[in-house]
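Below is one structure; the comments refer to it alone.
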């Protein structure tokens, strides 16, 4: 049985922010430049059907986030801090901005804000954290997820590949693909 999607997919560009893109940051993601290049190609093609996500620290961490921010105190700043700004190559323009204090950016609020899509494309950073968490939550919600592997980057090439391997276990809910394959499908 083939599932037909009657709406155009949404692009979710995950966390292309200064905290992950600037080399001096404690959370710098090697490979950010390559992920950025692929993400920009996709951004151009998706136009207003793009969500730019942002990670931000909560005002007051709770539960397991308390020791997390003890390990990373530099990141416990307000959401408006320049640390959490999108990189300049990702101006908002006609995109939606989704800001969450969690690694995963897919939740009922995101779904509602995007019009409850059944098909999303993910790119961004980091493959082994926020992209992975977003993909799994969306797949669990019944959304077709395509991950543009060459528009993502992990904390290392090995971690990037491991995350892709884990997500590929969720086929057919999650498909690992490329920027060119996504562009050809539009």
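The values are calculated or read from the model by the stated rules, or taken from the named source; none is laboratory data. This is a predicted model, so every value here is computed, not measured. All Cβ positions, glycine included, derive from the backbone under ideal geometry; neighbour counts span all protein chains shown.
Numbers at a glance
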{"read-out": "Close pairs (8 angstrom Cβ cut-off, 6 or more residues apart or separate chains): at positive phi and crowded, with 24+ Cβ neighbours inside 10 Å in the stretch 116-127, in a loop (DSSP other than H, G, I, E, B) and modelled with pLDDT of 95 or more anywhere", "value": "124/15; 124/16"}
{"read-out": "Test set (1) buried (at least 18 other Cβ atoms within 10 Å of the Cβ); (2) farther than 22 Å from residue 45 by Cβ; (3) in contact with a strand residue (DSSP E or B) (Cβ under 8 Å, 6 or more places away or on another chain) - residue 173 fails condition number", "value": "(1)"}
{"read-out": "Pairs, first farther than 20 Å from residue 155 by Cβ in the stretch 132-144, second part of a helix (DSSP H, G or I) and modelled with pLDDT of 95 or more, C-beta under 7 Å, six or more apart", "value": "141/111"}
{"read-out": "Search result, residues across the stretch 134-170 that are over 24 Å from residue 31 (Cα atoms) and surrounded by 21 or more Cβ atoms within 10 Å (Cβ to Cβ)", "value": "138, 143"}
{"read-out": "The stretch 41-78, residues that are without any contact (Cβ under 8 Å) to a residue 24 or more places away in the chain and under 18 Å from the mean Cα position of the chain (by Cα)", "value": "44"}
{"read-out": "Residues satisfying the stated conditions in the stretch 167-182, i.e. in a helix (DSSP H, G or I), within 18 Å of residue 14 (Cα to Cα) and more than 14 Å from the chain's Cα centre (by Cα)", "value": "179, 182"}
{"read-out": "Counted residues, the stretch 148-161 - those being in contact (Cβ under 8 Å) with a residue 12 or more places away in the chain and over 11 Å from residue 14 (Cα atoms)", "value": "9"}
{"read-out": "Selection within the stretch 16-44 - surrounded by fewer than 15 Cβ atoms within 10 Å (Cβ to Cβ) and assigned to a helix (DSSP H, G or I)", "value": "33, 34, 37, 44"}
